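The values are calculated or read from the model by the stated rules, or taken from the named source; none is laboratory data. Please read all numbers here as calculations on a predicted model, not as lab measurements. Quick reminder, even Gly has a Cβ in these numbers, built from the backbone with ideal geometry, and neighbours come from all protein chains shown. We work out accessible area using only protein heavy atoms, side chains counted, and drop any ligands, DNA or RNA first. Shrake-Rupley method; radii C 1.70, N 1.55, O 1.52, S 1.80 Å.
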Amino acid sequence: MNDILQLARPEIRALTAPSMQLNGAVAPIRLHANENPWGDESDAAPIALNRYLDGQPRALLQALGALYDLDLEQILVTRGSDEAIDLLIRGFCRAGQDRILVCPPTFAMYGFSAAIQGAGIVAVPLGPDFALDANAVIASWTPDVKLVFLCSPNNPTGNALDPTAVERILGALAGRVVVVLDEAYVEFSQEPGFLRVLSRYPGLVILRTLSKAHGLAGARCGVALAAPPLISLLAHMMPPYALPGPTVFAALAALRPDRIARTRVRIRQLLDERERMRSVLVSLPNVARTWRSEANFLLVEFRDASRALAAASQDGLLLRDFSRQPRLEGCLRITIGSREENDRLISALATS
Ligand SMILES: *Cc1c(COP(=O)(O)O)cnc(C)c1O
């Protein structure tokens, strides 16, 4: 057994899901799952909705394997990467005993899922300019810390973490902790991310998602990438028919070569808009500063954040308020929209 699985909760290690093998039947007649035999004729869905999808759909694993250049055994499809975060915490943290380590300010879901599971939180704040403090992370590890969550590019600060600092943590804590590297925004970054070194680290889990760059937030399709034993452990925690057919169909469509090509073009457009927005925003009287971003949003500090929020909302524009969070005083997070949406926001903020 892979050493890293020793960190998992024993009752999770003991789980074995019922086998869903079809024993080679080409078009099996499904009389085993209590489904309704009739699809709705008027239903335009290209995937028969009267049927459950068994486990992990092979075609989707293959498309993701091609996209990330990984083996199918290194891939788990989840209902958004939020589900992968939840599976990891439930799989490794015993309620009331174990903890996760996070580097705030960062994505709130890590703390949310930890709270649901009754796992404690060790907070090792990001340093100046929101840089990862690898020494502090390594020094803060104790045996009850089962998972370290690193987010790069980080939400809501927008910066990518220094790959050398991430590798220092991976090396120093190897075998003692699972490092979860959340790369939800990596497609918008100069940094290539950590897929290329995944096979070097049996305790590394990389999270990707189709929600952001691939434009499928509503489909809820996330991906956990890790060594096969870890993927197998997480797979056993999912209910047998977890993935919705329409989600899988939408994901397969988004991974066709023509759609991938269009996604690349749209990423470029968003990056151009991001840099244009950044230069316009710094010129506004109410803006104190903007941070460089490697994601599809900007963190912006306002002299009067409530006035900016109010001006935006008066014109029907929603922004994310972080202005009362430590280290983010006065800050709002602005998602890069279409050119028209961005221009409208600029006009609203210009008078705030
Ligand atoms: C948006 C986001 C995700 C993706 O969540 P999904 O559940 O896949 O939609 C994951 N991590 C971070 C940091 C995010 O901002």
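Cβ contacts < 8 Å: first residue within 23 Å of residue 109 (Cβ to Cβ) and touching a residue at least 60 places away in the same chain (Cβ under 8 Å), restricted to the stretch 150-175; second residue open to solvent by 40 Å² or more (accessible area, probe 1.4 Å) and of a type in the set (S, T, N, Q), any location; separation 6+ or different chain. Result?
Between residues of the stretch 150-175 that are within 23 Å of residue 109 (Cβ to Cβ) and touching a residue at least 60 places away in the same chain (Cβ under 8 Å) and residues that are open to solvent by 40 Å² or more (accessible area, probe 1.4 Å) and of a type in the set (S, T, N, Q), the close pairs are 160/190.
Looking only at the stretch 217-237, filter to residues that are open to solvent by 20 Å² or more (accessible area, probe 1.4 Å) and not small (Gly, Ala, Ser); which one of those is nearest to the ligand (Cβ to nearest atom)?
220
Which of the residues that make up the stretch 76-85 are aliphatic (A, V, I, L, M) and closer than 17 Å to residue 53 by Cα? Give the steps one after another, and end with the answer.
Kept after step one, since they are aliphatic (A, V, I, L, M), are these residues of the stretch 76-85: 76-77, 84-85.
Of everything in the stretch 76-85, those that are aliphatic (A, V, I, L, M) and closer than 17 Å to residue 53 by Cα turn out to be 76, 77.
For the stretch 238-253, check the following and say yes or no: at least one residue is over 30 Å from residue 50 (Cα atoms) and not aromatic (Phe, Trp, Tyr).
Kept after step one, since they are over 30 Å from residue 50 (Cα atoms), are these residues of the stretch 238-253: none.
Checked the stretch 238-253: no residue is over 30 Å from residue 50 (Cα atoms) and not aromatic (Phe, Trp, Tyr).
Out of (1) within 19 Å of the chain's Cα centre (by Cα); (2) closer than 27 Å to residue 238 by Cα; (3) open to solvent by less than 30 Å² (accessible area, probe 1.4 Å), the odd one out for residue 153 is which?
If we test residue 153 against (1) within 19 Å of the chain's Cα centre (by Cα); (2) closer than 27 Å to residue 238 by Cα; (3) open to solvent by less than 30 Å² (accessible area, probe 1.4 Å), just (2) comes out false.
Determine whether the stretch 158-167 contains at least one residue that is surrounded by 22 or more Cβ atoms within 10 Å (Cβ to Cβ), away from the ligand (no atom under 16 Å from the Cβ) and over 25 Å from residue 332 (Cα atoms).
No: the stretch 158-167 contains no residue that is surrounded by 22 or more Cβ atoms within 10 Å (Cβ to Cβ), away from the ligand (no atom under 16 Å from the Cβ) and over 25 Å from residue 332 (Cα atoms).
Kindly list the number of the only condition in (1) in contact with a helix residue (DSSP H, G or I) (Cβ under 7 Å, 6 or more places away or on another chain); (2) of a type outside the set (D, E, K, R); (3) assigned to a loop (DSSP other than H, G, I, E, B) that fails for residue 63.
(3)
Given the criterion crowded, with 21+ Cβ neighbours inside 10 Å and either part of a loop (DSSP other than H, G, I, E, B) or among the β-branched types (Val, Ile, Thr) (or both), identify the matching residue among 265, 248, 205. Full working, then the answer.
Working: 265 fails: crowded, with 21+ Cβ neighbours inside 10 Å; 248 fails: crowded, with 21+ Cβ neighbours inside 10 Å.
Among 265, 248, 205, only 205 is crowded, with 21+ Cβ neighbours inside 10 Å and either part of a loop (DSSP other than H, G, I, E, B) or among the β-branched types (Val, Ile, Thr) (or both).
Tally time: how many residues in the stretch 333-342 are surrounded by fewer than 15 Cβ atoms within 10 Å (Cβ to Cβ) and assigned to a helix (DSSP H, G or I)? Spell out how you get there, then give the answer.
From the stretch 333-342, those surrounded by fewer than 15 Cβ atoms within 10 Å (Cβ to Cβ) are 338-341; that's our starting set.
Of the ones still in play, those that are also assigned to a helix (DSSP H, G or I) are 339-341.
Summing the residues that are surrounded by fewer than 15 Cβ atoms within 10 Å (Cβ to Cβ) and assigned to a helix (DSSP H, G or I) in the stretch 333-342 gives 3.
Just to be sure I understand, how many residues within the stretch 177-202 are out of contact with any Asp or Glu (no Cβ under 8 Å at 6 or more places or on another chain), more than 9 Å from the ligand (Cβ to nearest atom), in contact (Cβ under 8 Å) with a residue 40 or more places away in the chain and not in a helix (DSSP H, G or I)?
Number of matching residues: 3.
Of all residues in the stretch 53-107, which are small (Gly, Ala, Ser), within 16 Å of the ligand (Cβ to nearest atom) and either open to solvent by 20 Å² or more (accessible area, probe 1.4 Å) or on the phi > 0 side of the Ramachandran plot (or both)? Can you show your working first?
Initial filter on the stretch 53-107 (small (Gly, Ala, Ser)): 55, 59, 63, 65-66, 80-81, 84, 91, 95-96.
Narrowing the set further to residues that are within 16 Å of the ligand (Cβ to nearest atom) leaves 80-81, 84.
Selection gives 80 alone.
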